[in-house]
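Shown next, in structure tokens, is the structure this report addresses.
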Amino acid sequence: MSTLTLLATALLAAAADNSAAHDIPDPLPVGQCINVGNHLEPEQESSWGGEILDAEDFASIRGAGFDTIRLPVRWANKTGPGPDYVVDAVWMDRVQEVVDMAFAADLNVLLDSHNFEELHANPAANTAKLAAIWRQIGARFADYPDERLWFEIENEPHDALTNRNLLDTLTPALLAIRETNSSRPVVIGGEWWSGVDSLATLELPDDPNVHPTFHYYEPFDFTHQGASWVDPSPTIGRTYGTEADRQRLANDALKVVAYMARTGRTPFIGETGAYDAHISLEQRVAYHSAVTQQFAPLGIDSCMWAYTNTFPFRDQETGEWHPELLEAIQWSSGAE
Ligand code: GLC
């Protein structure tokens, strides 16, 4: 056994002890998960090039073997003025309709707040708005089963929103959710776009139904090569799969296991993927396969980024799934 494996085994045992000693709830049962990304974040639904979501999308996602969707939604530009920040009723109805379509297809839904850029630029000035938004979402979905619908307070904290002010910023929103959803699972990711290093200093509110997450796009110069929304955009041509890449992945997994040992909690990967514009399908398959084989055996589930319109698992033109990608994210313990 390698030193890394020995260390990971020892840390996992510590994580199990810690979890039992502190009566920590089971990890969120995310299972196989995919982000329905780039649909409800644009100004108008799917105006970044996607199609309007309908029931067929969710039946197809279920049919492809997914248990859960993560549903990124931009709310912050759909409200009236403070102090109430009333969410546009048509928008709220449409989000509910999408959640209902996913439920009808027997999918769990992780509903988030995405791209609230002002919050990241100035957390203190936008804390009340975030809470007001979540108070309304909470009220709207209060009767939905805890087992199937989960909330994620804000995607990828970054810029001025760091692990130092994260709880001050997110706790009012959590309390607003708790006014109507006493035990709904709520997800929180840490600073620096919830990268794996955020786990080292991530603290969660004292609430048994809050679950940690992180995002995994390492090595970023591979997964985001040529991405126009990244400045500077990583150079095109970086391939994946060297020994150094393997070592890095193993080291990153060790960081997650260290978090599990420290807290007794098992996080899940809320986003992972590689940009299709400049990366071949074969290389995307290699990446997803490596990430799955590294994290799944540790009990860490992943949400793929993403469905059809960004880093696609399903071709929007043909409607066909990429079978190689679906296969790459399979992992079986063999313990049937
Ligand atoms: C984040 C961003 C999203 C982007 C993805 C991959 O979720 O919010 O817009 O496409 O990461 O970079």
Next item on the list: For the stretch 271-315, take the alpha-carbon Rg, divide it by the Kirkwood Rh, and send me Rg/Rh.
Entry: 0.98
Note to self: Give me, ordered by chain and number, the residues 5 or more places off residue 210 or on other chains with an amide H under 5 Å from its own placed amide H.
What the structure shows: 186
Next item on the list: Per DSSP H run of at least 4 residues, take -39500 (n - 2.57); add these up for the chain, divide by its residues and hand me the 222 nm value, nearest 500 deg cm²/dmol.
Entry: -12000 deg cm²/dmol
Next item on the list: Given the options 171, 223, 242, state which has the largest fluctuation in a GNM of the chain using a 10 Å cut-off (strictly under) for Cα springs.
Entry: 242
Item checked: Cα gyration tensor, the chain - rounded (a/c under 1.5), prolate or oblate -> rounded
Checklist line | Taking the stretch 159-202 and dividing mean pair separation by its residue count, relative contact order in percent (alpha carbons under 8 Å, at least six apart) | finding: 50
Next item on the list: Specify the residue with the greatest mean-square fluctuation among 295, 141, 151, computed from a Gaussian network of the chain linking alpha-carbon atoms under 10 Å apart.
Entry: 141
Check: Dividing the Cα convex hull volume of the stretch 29-128 by residue count, how many Å³ per residue is that?
Finding: 110
Margin query: Would the stretch 236-292 count as rounded, prolate or oblate if I go by the C-alpha gyration tensor, calling it rounded below 1.5 in a/c and otherwise prolate when a/b exceeds b/c, oblate otherwise?
Written below: prolate
Next item on the list: Give a residue-ordered list of calculated ³J(HN,Hα) values for the stretch 152-160 (Karplus: 6.51 cos²θ - 1.76 cosθ + 1.60, θ = phi - 60°; whole Hz; x for Gly, Pro).
Entry: 10, 5, 7, 5, 6, x, 7, 6, 7
Margin query: Could you derive backbone 3J(HN,Hα) for the stretch 241-255 from the dihedral phi with the Karplus parameters 6.51, -1.76 and 1.60 (θ = phi - 60°), listing whole Hz in sequence and x where the residue is Gly or Pro?
Written below: x, 6, 4, 4, 4, 5, 4, 5, 4, 5, 5, 5, 4, 5, 4
Check: Where does each of 210-216, 119-125 land if you order them by average Cβ count within 10 Å, highest first?
Finding: 210-216, 119-125
Checklist line | Candidates 186, 257, 86, ranked by Gaussian network fluctuation over the chain, Cα under 10 Å, top entry | finding: 86
Next item on the list: Just the ratio, please: alpha-carbon radius of gyration of the stretch 204-336 over 2.2 N^0.38 Å, N its number of residues.
Entry: 1.11
Checklist line | Table column - 3J(HN,Hα) (Hz), the stretch 70-85, Karplus curve with 6.51, -1.76, 1.60, x for Gly and Pro | finding: 9, 10, x, 9, 8, 9, 5, 9, 10, 10, x, x, x, x, 8, 6
Notebook entry, point to check: Tell me, what is the FRET efficiency for residue 106 and residue 143 to the nearest 0.05, using R0 = 22 angstrom and their Cβ-Cβ distance as r?
Noted result: 0.75
Check: Around residue 148, what is the net charge, scoring Lys/Arg as +1 and Asp/Glu as -1 over all other residues with Cβ under 14 Å from its Cβ?
Finding: -3
Next item on the list: With no solvent and one equal point scatterer placed on each C-alpha of the stretch 144-248, evaluate the Debye formula and give log10 I(q)/I(0) for q = 0.16, 0.18, 0.20 Å⁻¹, two decimals.
Entry: -0.80, -0.91, -1.01
Checklist line | 15 Å beta-carbon shell around residue 201, net charge (K/R +1, D/E -1) | finding: 0
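Each value in this text was obtained by applying a stated rule to the coordinates, not by laboratory testing. In this text, all values refer to a predicted model and were calculated from it rather than measured experimentally. Here the Cβ is made from the backbone with ideal geometry for all residues, glycine too, and neighbour counts use every protein chain on show.
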